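Data block below; observations after.
The values are calculated or read from the model by the stated rules, or taken from the named source; none is laboratory data. Model, not experiment: these values are computed from the prediction. Glycine gets a Cβ as well: all are built from the backbone with ideal geometry, and neighbour counts include every protein chain shown.
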Amino acid sequence: MYFPRMLDKVRLHARNELSEDYQANLGKRTAADGACTNFLRVNYAELRDRVLAGGSDEEILEWCYEKGRVAVGAPGGGALPRPASRL
């Protein structure tokens with residue numbers, strides 16, 4: 001699962017402990033961080049701020065569910081919302 005890894009990178013970066021190899025793609029829409037935040041429908045900058053405010057990975061995931069969308073199988077989750085029509 002990628003989500004906990006992404007949160008760890010945010011925390012490491014805040015402490016200046018994230019390897020330079022990972023910094024170039026941190027939060028980028030075209031990288032794994034972007035794919036994850038896009039799936040959850042949350043803004044990376046807002047997620048970063050929430051992570052830095054503190055809390056467990058589970059609490060932050062709940063925050064994502066409140067702000068974005070709930071994944072199928074998650075507590076309180078059902079089907080994913082349908083994409084908007086492209087007419």
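Scanning region 5-14 finds no residues that are modelled with pLDDT under 95, more than 20 Å from Lys67 (Cα to Cα) and of a type in the set (Gly, Ala, Ser). Yes or no: Asp21 surrounded by 11 or more Cβ atoms within 10 Å (Cβ to Cβ) and among the charged types (D, E, K, R)? No, not satisfied. Lys67 satisfies every condition listed in (1) surrounded by fewer than 18 Cβ atoms within 10 Å (Cβ to Cβ); (2) in contact with a helix residue (DSSP H, G or I) (Cβ under 9 Å, 6 or more places away or on another chain); (3) at pLDDT 95 or above except (3).
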